[in-house]
1. In the list ILE229, ILE262, ILE216, which residue meets the criterion of being of a type in the set (Val, Ile, Thr), surrounded by 16 or more Cβ atoms within 10 Å (Cβ to Cβ) and touching a strand residue (DSSP E or B) at 6+ places or on another chain (Cβ under 6 Å)?
2. Among the residues of the stretch 189-232, which ones are more than 11 Å from the ligand (Cβ to nearest atom) and among the polar types (S, T, N, Q)?
3. Looking at ASN278, ASN274 in this structure, which one is within 16 Å of the ligand (Cβ to nearest atom) and surrounded by 14 or more Cβ atoms within 10 Å (Cβ to Cβ)?
4. Any residue in the stretch 142-149 that is over 27 Å from VAL236 (Cβ atoms), within 12 Å of the ligand (Cβ to nearest atom) and in contact with a Gly (Cβ under 9 Å, 6 or more places away or on another chain)?
5. Part of a helix (DSSP H, G or I) and under 27 Å from the mean Cα position of the chain (by Cα): which single residue out of GLU17, GLU8, GLU52 fits that description?
6. Checking TRP118 against (1) of a type outside the set (Val, Ile, Thr); (2) under 27 Å from ARG286 (Cβ atoms); (3) touching a residue at least 60 places away in the same chain (Cβ under 8 Å): exactly one of these is not met. Which one?
7. Need a quick list: helices (runs of 4 or more DSSP H) entirely within the stretch 257-311 having at least 2 residues that are in contact (Cβ under 8 Å) with a residue 12 or more places away in the chain.
8. Do we find a residue being in contact with a Lys or Arg (Cβ under 8 Å, 6 or more places away or on another chain), buried (at least 17 other Cβ atoms within 10 Å of the Cβ) and closer than 26 Å to ASN274 by Cα anywhere in the stretch 182-196?
Amino acid sequence: MATTDMGELFQQKIDKEIKIEPRDWMPDAYRKTNLRQISQHAHSEIVGMLPEGNWISRAPTLKRKAILLAKVQDEAGHGLYLYSAAETLGMSRDQMVADLNNGKAKYSSIFNYPTLTWADMGAVGWLVDGAAILNQVMLCRTSYGPYARAMVRICKEESFHQRQGFEILLVLSKGSAAQKAMCQDAINRWWWPSLMMFGPKDSESTNSDQSIQWKIKRKTNDELRQQFIDMIAEQVKILGMTLPDDKLQWNPERKHYDFGEINWEEFWNVVKGNGPCNKQRLDARRKAHEEGAWVREAAKAHAAKRLAKVA
Ligand code: 3HC
């Protein structure tokens with residue numbers, strides 16, 4: 001059967017909401033864009049452990065330390081689910097990790113910002129995980145089976161991540177003047193980078209049209225971003241705090257919040273590797289990879305020994 005016919009049959013499966021599985025025929029471009037997105041998602045989870053890991057030893061109470069530890073461990077697990085989903089598309093985890101460590105692979109821009117105070121743990125949980133949840137709930141319905149199934153499990157844990165972040169800020173917002181100021185400062189620093197997590201505006205999104213047609217994405221970058229802004233603009237009122245956008249205003253005609261212009265120059269600068277912490281993050285990943293070589297070798301030797309026994 002000609003590839004064009006196979007392509008038409010494939011699109012009919014997508015249109016009928018039939019999940020695509022690893023052994024199914026798929027256009028090379030579908031395989032490639034899923035591998036691109038899923039591996040970048042996995043990298044984001046692993047690199048995302050670094051900004052929060054920075055505060056585990058400095059959490060204000062044992063309870064906060066335990067909660068933050070659990071969250072950071074969850075992110076590691078999310079990365080492993082996603083690397084496993086990506087491996088079903090034909091690239092080894094070693095290759096994916098090598099692409100991250102040599103700077104070839106992307107990960108989410110948001111993790112290239114520093115976590116300066118304890119309130120940042122609240123802002124990251126509330127805003128970054130909040131944005132991730134909107135995106136990931138959508139991805140529970142993505143057309144590639146292994147990715148969709150990984151998302152279902154991840155989303156269950158993300159809601160705890162967002163709630164613990166909001167609760168950190170709620171406590172600070174009811175605290176001393178200094179704690180209130182720390183809370184507002186963290187929101188001010190994390191708001192715009194969180195909006196950038198959803199990707200460039202639709203007019204500059206090179207992958208979206210095809211990803212929507214193949215139901216990899218169900219909503220565009222701008223649609224998800226607007227949904228996030230509408231949600232947070234209400235939640236921030238509970239904190240008695242503000243968002244750093246003087247153009248943020250409810251628009252009764254649009255039934256959405258209008259908002260100010262995102263600094264796309266900053267976004268692309270960070271994506272290209274020139275953000276505040278890009279070098280620090282990659283250095284940390286490379287160091288962890290080098291220092292973990294003995295664990296990988298031991299695991300491989302153990303697996304080979306077990307295999308020899310049953311052969
Ligand atoms: N950071 C870095 N690169 C980004 C980006 C961001 N925030 N947003 C977009 N890009 C890149 C894209 O990867 C693409 O480059 P590529 O073609 O070389 O991969 C380019 O900018 C153009 O963007 P597009 O809109 O065309 O790309 P997509 O269609 O892939 O949409 C996306 C971008 C919405 C991020 C999509 O890739 C996606 O939904 N990814 C899965 C979710 C994800 O990765 N989230 C990251 C955070 S994970 C997280 O927060 C975990 C939580 O537990 C803390």
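The values are calculated or read from the model by the stated rules, or taken from the named source; none is laboratory data. Computed from a predicted model, the values in this text were never measured in an experiment. No Cβ is skipped: glycine too gets one built from the backbone with ideal geometry, and neighbour counts run over all protein chains shown.
1. ILE229
2. Scanning the stretch 189-232 gives GLN213, GLN226, GLN227.
3. Result: ASN278 is the single residue among ASN278, ASN274 that is within 16 Å of the ligand (Cβ to nearest atom) and surrounded by 14 or more Cβ atoms within 10 Å (Cβ to Cβ).
4. Checking the stretch 142-149: not a single residue is over 27 Å from VAL236 (Cβ atoms), within 12 Å of the ligand (Cβ to nearest atom) and in contact with a Gly (Cβ under 9 Å, 6 or more places away or on another chain).
5. GLU52
6. Of everything listed in (1) of a type outside the set (Val, Ile, Thr); (2) under 27 Å from ARG286 (Cβ atoms); (3) touching a residue at least 60 places away in the same chain (Cβ under 8 Å), TRP118 misses just condition (2).
7. On the way: elements: 264-269, 278-291, 293-310.
It comes to 264-269, 278-291.
8. So far as the stretch 182-196 goes, yes, one or more of its residues are in contact with a Lys or Arg (Cβ under 8 Å, 6 or more places away or on another chain), buried (at least 17 other Cβ atoms within 10 Å of the Cβ) and closer than 26 Å to ASN274 by Cα.
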